[in-house]
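What follows draws every value from the coordinates through simple rules; no lab data is involved. What you see is a predicted model; the values in this text were computed from it and never measured. Methodologically, a virtual Cβ is constructed for each residue, glycine included, from the backbone with ideal geometry; neighbour enumeration extends over all protein chains shown.
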Amino acid sequence: MAPPPIASTETTSLETVALAAAPATLSGVSPAQKKTTKVHYDRDDIKTPKQLIGDTLRSRVEGIDHDRCDAGDEDAFFVADLGEIYRQHIRWKVNLKRVKPFYAIKCNPDPQVVRLLAELGTGFDCASKNEIQQVLDMGIDPARIIYAQPCKTGSYVRYAAKMGVRKMTFDNPDELYKTKQFFPEAELFLRIATDDTSSLCRLSLKFGASLDCTRNLLELAKQLDLNVVGVSFHVGSSSSDPDAFSKAVRDSRFVFDQANEVGLNLTTLDVGGGFCSELFESMARVLSQALDNHFPPNIGIIGEPGRYFVASAFTLACNVIARRTIEDAATQTCAYMLYLNDGIYGNFTSIMFDHQHPTPRILRCGNRFLHGSEASKEYGEGSTIEYSLWGPTCDGIDLIVEKARFPEVLDIGDWLYFEEMGGSYSLALLRVQLIEGIPAKPPGLTSIH
Ligand SMILES: *Cc1c(COP(=O)(O)O)cnc(C)c1O
């Protein structure tokens, strides 16, 4: 039996809802089923985004007859709360007024995400020809794109030149010669290295000029008559140290001054990404202060947030497809290995590449839906059952969670869910690309940006 149409949910009374509680727009994602229905809630009956996500997860799972469904109908799926992206956008506007965001689409190139952010007025950080093309194909002005990859493929630079995508980054002399050859009119940002030791994904190991090279690079750019317009940096992804921003802003000031001495007039600072949602307000405060201390208002400031916008918007549901019981004769207890229908070769690549630790919760156990309840959560030691969670491939490294304890006995056919699954650089979010039913533009936005 095929599952029912996926519910897409939006509240109808945006104008009356406080900004902080802007409505969730939900969309279930199904490879098999692309029909969409919309559910409207009355003003008195506005549900929280979490409840709407729970409703959507539940209606999809309830529609699956595991004993009879077609192959793949019980595949893992995402529910995307696009309202969350909108709320993150408002939060950015409130806390980081001076910084214009260019969303790093490598984080989650889902077309609905990109379209929503385009409507909200952000720019885009693209790292390849395909990403640039995806954004341009949506009719977005090339001036809203920064090709923020300091070590670029030559043919991609020619493509950027042809399409009029002028903003790009560099961090070494060879890249300057390449730019001279293929796109001498480019507007260049010198990417500097940062201290990213307190971030989960260190990006300065791979990119960024150290401060003892910047002067030579600026002189070479001047000599080649290239157009250097600014400085960029990235404090590392999932950074946990707000002070990383103030140090990087100070270093950028140093490079702006060097550029002045060399006879280049820089106009823009690009503060990169690395904004984590939990620490956002304190990061924004530190960054705003540093910007105001070091850069007068005539210097434009842009940023390249990625995960900040999307991580919390996506919830992944996975089905338990098999189970192995591990009996411990000595202690007379048993543990279980659960095999899920998604793993590190699918939507859990972040475990391998981004050092993430997804948190499992129980969505459905037997006939009970536990979304959002205490019973859905992992427990510490005690009278609980121990599980390890594995992906569906035959590869031994396809392990999602080594140890999780739940009070419930989970069995084949049950469902787990994982929140905060929206931002994974090496994204295999194939199924998300089938999200349907998101309104092109939440009402009432024009007054906000
Ligand atoms: C990955 C990346 C980003 C986004 O980083 P987040 O930590 O997800 O905000 C921004 N800029 C560049 C150049 C990147 O490589």
**Message:** If the only charges are +1 at each Lys and Arg Cβ and -1 at each Asp and Glu Cβ, what is the size of the charge dipole of segment 175-293 around the Cα centre, to the nearest 20 debye?
**Reply:** 240 debye
**Fill in**
Normalised per residue, the volume inside the convex hull of the alpha-carbon atoms of segment 276-372 in Å³ amounts to 187 Å³
**Request:** Give Lys50/Lys247; Lys167/Lys247; Lys206/Lys247; Lys93/Lys222; Lys167/Lys206 a once-over and call out the pairs whose C-alpha atoms are over 27 Å from each other.
**Result:** Lys50/Lys247; Lys93/Lys222
**Prompt:** What is the antiparallel percent of DSSP beta bridges lying wholly in segment 322-404, to the nearest 5?
**Reply:** 75 percent
**Complete:** In terms of the charge dipole of segment 96-157, which places +1 on Lys and Arg and -1 on Asp and Glu at the beta carbon, the residue among Val113, Gln133, Tyr147 farthest towards the positive end is Tyr147
**Item:** Spatial separation of Cα centroids for segment 216-271 and segment 359-419, in angstrom
**Value:** 46 Å
**Debye log10 I(q)/I(0) at q = 0.12, 0.13, 0.22 Å⁻¹ for segment 300-432, Cα point scatterers** = -0.49, -0.57, -1.40
**Request:** For a footprinting-style exposure proxy, rank Arg166, Arg250 by other Cβ within 10 Å, fewest first.
**Result:** Arg250, Arg166
**Complete:** Any GluC sites (Glu not before Pro) in segment 302-384 that lie in a DSSP loop and have at most 12 other Cβ atoms within 10 Å would be Glu381
**Prompt:** Counting other Cβ atoms within 10 Å, which GluC sites (Glu not before Pro) in segment 151-201 have at most 15 and lie in a DSSP loop?
**Reply:** Glu185
**Message:** Give the residue list of trypsin sites (Lys or Arg not before Pro) in segment 168-248 that are DSSP loop and have at most 12 other beta-carbon atoms within 10 angstrom.
**Reply:** Lys206
**Asked** Based on DSSP, what percent of beta bridges with both residues in segment 235-358 are antiparallel, to the nearest 5?
**Response** 75 percent
**Prompt:** Which order, highest average first, do 265-271, 227-233 follow once you tally other Cβ atoms within 10 Å for each residue and take the mean per peptide?
**Reply:** 227-233, 265-271
**Mean Cα-pair separation over length for segment 253-377, i.e. relative contact order, pairs under 8 Å, 6 or more apart, %** = 16 percent
**Prompt:** Taking 1 over the mean of 1/r across every pair of different Cα atoms in segment 44-162, what Kirkwood radius in Å do you get?
**Reply:** 17.2 Å
